[in-house]
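Peer 1: My questions all concern the structure below.
Bear in mind these aren't lab numbers, they're just calculated from the coordinates by the rules spelled out. As the structure is a computational prediction, the values presented were derived from the model and not from experiment. We place every Cβ from the backbone using ideal geometry, glycine too, and count neighbours over all the protein chains shown.
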């Protein structure tokens, strides 16, 4: 578990931090996915690097040794919603940082139409207005499992659970094609209860 006074970094910094193409690509991802700082991006990039490193090491093993480990890695990535069910080990090497960033709670709340922007979804998550099932998740960088994706909704204790809330009406006006109807949100709330 380690010493609680000695924290370890969960990310690796870029090897060449001042290259303009790297800086511009990072800045674009920060804005597109509403990340707070580059450390969040680096943490997910390190996670992707570890998955790819495991896949490369598995490819170098003999077939009978790697079978079980390969299945574990592919099942984990499938549960996270990053890869489809019938993926191969080569598909792990083709993953990009966007594949992981798309599975963050902040991004999925925005894509479900519960907010107007990814920045607003970050705010609602940290203020505990969003639940997954019955659990309040207050970390925008939480990676949502494939099974949990359908149960993302407003918290029942939140004022946003009322369909007449001004924020909900502004979402329906701004994004009529993606905003959930009040009936759909109420049905998901009833299923959770």
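Peer 1: Rounded to the nearest 10 degrees, what's the angle between the helix 182-192 long axis and the longest principal axis of the chain, both from Cα atoms, 0 to 90?
Peer 2: 60
Peer 1: If I build a Gaussian network model for the chain, linking alpha-carbon pairs within less than 10 angstrom, which residue out of 56, 168, 79 has the largest mean-square fluctuation?
Peer 2: 56
Peer 1: At residue 56 and residue 22, where each label point lies 7 Å from the Cα along Cα→Cβ, what is the point-to-point distance in nanometres?
Peer 2: 1.6
Peer 1: Now, a different point. Take the chain, connect every pair of alpha-carbon atoms lying under 10 Å apart with a spring to form a Gaussian network, then pick out the residue of 140, 14, 62 with the largest mean-square fluctuation.
Peer 2: 62
Peer 1: Be a star and scan segment 134-162 for residues whose amide nitrogen sits under 20 Å from the point 7 Å along the Cα-to-Cβ vector of residue 36.
Peer 2: 136-144
Peer 1: Something else about it: Give me the mean projected area, in nm² to one decimal, of the convex hull enclosing the Cα positions of the chain. Could you put the intermediate results ahead of the total?
Peer 2: Working: hull surface 57.7 nm².
That works out to 14.4 nm².
Peer 1: Still on this model: Considering the chain as a Gaussian network with a 10 Å cut-off on Cα pairs, which listed residue, 133, 31, 81, attains the greatest mean-square fluctuation?
Peer 2: Judging by the Gaussian network model, the answer is 31.
Peer 1: Given a cut-off of under 8 Å on Cα pairs at least six residues apart, what relative contact order in percent is computed for the chain? Show your work: numbers first, answer last.
Peer 2: Details: 205 pairs, mean separation 31.5, N = 193.
Worked out over the chain, it gives 16 percent.
Peer 1: Between residue 123 and residue 164, what is 0.36 nm times their sequence separation minus the Cα-Cα distance? Round to one decimal in nm. Mind showing how you got there, number by number?
Peer 2: Numbers: separation 41, 0.36 × 41 = 14.76 nm, distance 1.99 nm.
Separation in residues times 0.36 nm, less the Cα-Cα distance, equals 12.8 nm.
Peer 1: With the Cα gyration tensor of segment 14-82 in hand, give its eigenvalues times 5 under a square root as the equivalent ellipsoid semi-axes, listed largest first in whole angstrom.
Peer 2: Working: eigenvalues 195, 45, 11 Å².
In descending order, the three semi-axes are 31, 15, 8 Å.
Peer 1: Only helical DSSP H runs with n ≥ 4 go in: add -39500 (n - 2.57) per run for the chain, normalise by residue count and round the 222 nm mean residue ellipticity to 500 deg cm²/dmol.
Peer 2: Values: 9 runs with 99 residues, N = 193.
It comes out at -15500 deg cm²/dmol, rounded to the nearest 500.
Peer 1: Multiply the residue separation of residue 5 and residue 147 by 0.36 nm, subtract the distance between their alpha-carbon atoms, and state the gained length in nm to one decimal.
Peer 2: Numbers: separation 142, 0.36 × 142 = 51.12 nm, distance 3.55 nm.
Between residue 5 and residue 147, full extension yields 47.6 nm more.
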